[in-house]
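The values are calculated or read from the model by the stated rules, or taken from the named source; none is laboratory data. Bear in mind that the values here come from a model prediction, so they are computed numbers and not experimental data. Don't worry about glycine lacking a Cβ; one is built from the backbone with ideal geometry, like all the others, and counts go over all protein chains shown.
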Amino acid sequence: MSREVKVNDSPNHFMVLDAISRGMKTAEKISKVTKLDKSEVELILNDLAVQRLVVRREKKGFFRNKTEFSINETGQSLLESKKRELQQKANDIEQAYDNGNTSQLQSFMEADRAWIPMMLFSGLINVLFFTSMMSFMGMAMSPQESSMAGDAGSASESTDSASDTAGQDDAGAVGSGSDSSGGGGFEGGGFDSFGGSGMDFGGDFNF
């Protein structure tokens, strides 16, 4: 039975809806990417299904059935509308920050701060910009904001790290090649170097 919840006023409902639109089909996966408790996610999924914004399907498995969700046209339309609204807010925040308008930033944080995690999750606000803005205002991040910012930041750092590692491996491959002439033998040749430089090019995907 659905709770009396106005989805349009609930950031967590939109985070779950956005996660489903990205292909997260189960409560477990949605909970992992949104950082929401699984019990809360399950309640939200029920709300969304009852309000016909997502479609619930029972998928048979070997040991137990699995419940999966997909977003429908109505849900997608609502999500896109909310994202456009939040994108405009994000643009206003950035403009206020660029202009040093502390009073406007303070006004937003008082009225709409609950939407910050959704904006971070959906990429509507850049993590580095958000952390700079919070520092500028002398405000601490909430646990949910910190979790979202840290998760997005880790993804960026992992991508940079992968690029740096690849460059180091390439340099190592050149060095190994020159050493092999002195050391001789199969093990010191280009075979190991090639394997080392080719293994670290995997991308990093949060979901």
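Answer with yes or no whether Asp92 is loosely packed, with under 11 Cβ neighbours inside 10 Å and free of Cβ contacts under 8 Å to residues at least 60 places away in the same chain. Lay out the reasoning, then the answer.
Values: loosely packed, with under 11 Cβ neighbours inside 10 Å: no; free of Cβ contacts under 8 Å to residues at least 60 places away in the same chain: yes.
Judged against the criteria, Asp92 is not a match.
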Identify, from the list Leu86, Leu105, Leu78, the residue that is under 18 Å from the mean Cα position of the chain (by Cα) and either assigned to a helix (DSSP H, G or I) or farther than 18 Å from Asp47 by Cβ (or both). Leu86
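Condition check ((1) among the acidic types (Asp, Glu); (2) surrounded by 14 or more Cβ atoms within 10 Å (Cβ to Cβ); (3) not assigned by TED's automatic domain parsing to the domain that holds Glu28) across all residues:
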{"site": "Lys60", "(1), (2), (3)": "no, no, no"}
{"site": "Arg84", "(1), (2), (3)": "no, no, yes"}
{"site": "Thr102", "(1), (2), (3)": "no, no, yes"}
{"site": "Phe108", "(1), (2), (3)": "no, yes, yes"}
{"site": "Arg113", "(1), (2), (3)": "no, no, yes"}
Name every residue in the stretch 59-75 that is part of a loop (DSSP other than H, G, I, E, B) and of a type in the set (Gly, Ala, Ser), in order of residue number. Gly61
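A quick yes/no check of all residues on (1) surrounded by fewer than 21 Cβ atoms within 10 Å (Cβ to Cβ); (2) over 29 Å from Phe130 (Cβ atoms); (3) touching a strand residue (DSSP E or B) at 6+ places or on another chain (Cβ under 7 Å):
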{"position": "Asn8", "(1), (2), (3)": "yes, no, no"}
{"position": "Leu17", "(1), (2), (3)": "no, no, yes"}
{"position": "Ala27", "(1), (2), (3)": "no, no, no"}
{"position": "Val50", "(1), (2), (3)": "yes, yes, no"}
{"position": "Glu68", "(1), (2), (3)": "yes, yes, yes"}
{"position": "Thr74", "(1), (2), (3)": "yes, yes, no"}
{"position": "Gln88", "(1), (2), (3)": "yes, no, no"}
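Looking at Phe136, Phe130, can you tell me which residue is surrounded by fewer than 15 Cβ atoms within 10 Å (Cβ to Cβ) and of a type in the set (Phe, Trp, Tyr)?
Values: Phe130 fails: surrounded by fewer than 15 Cβ atoms within 10 Å (Cβ to Cβ).
Just a single option satisfies the conditions, and that option is Phe136.
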The condition from (1) at pLDDT below 95; (2) under 19 Å from Lys35 (Cβ atoms); (3) of a type in the set (A, V, I, L, M, F, W, C); (4) in the same structural domain as Ile30 (by TED's automatic domain parsing) that Val127 misses is numbered (4)
For residues that are over 16 Å from the mean Cα position of the chain (by Cα), in a helix (DSSP H, G or I) and among the aliphatic types (A, V, I, L, M), tally how many sit in the stretch 108-139. 6
Return the pairs, sorted by first residue and then second, in which the second residue is polar (S, T, N, Q), the first residue lies in the stretch 30-48 and is free of Cβ contacts under 8 Å to residues at least 12 places away in the same chain, the beta carbons are less than 8 Å apart, and the residues are 6+ apart or on different chains. Asp37/Ser31; Lys38/Ser31
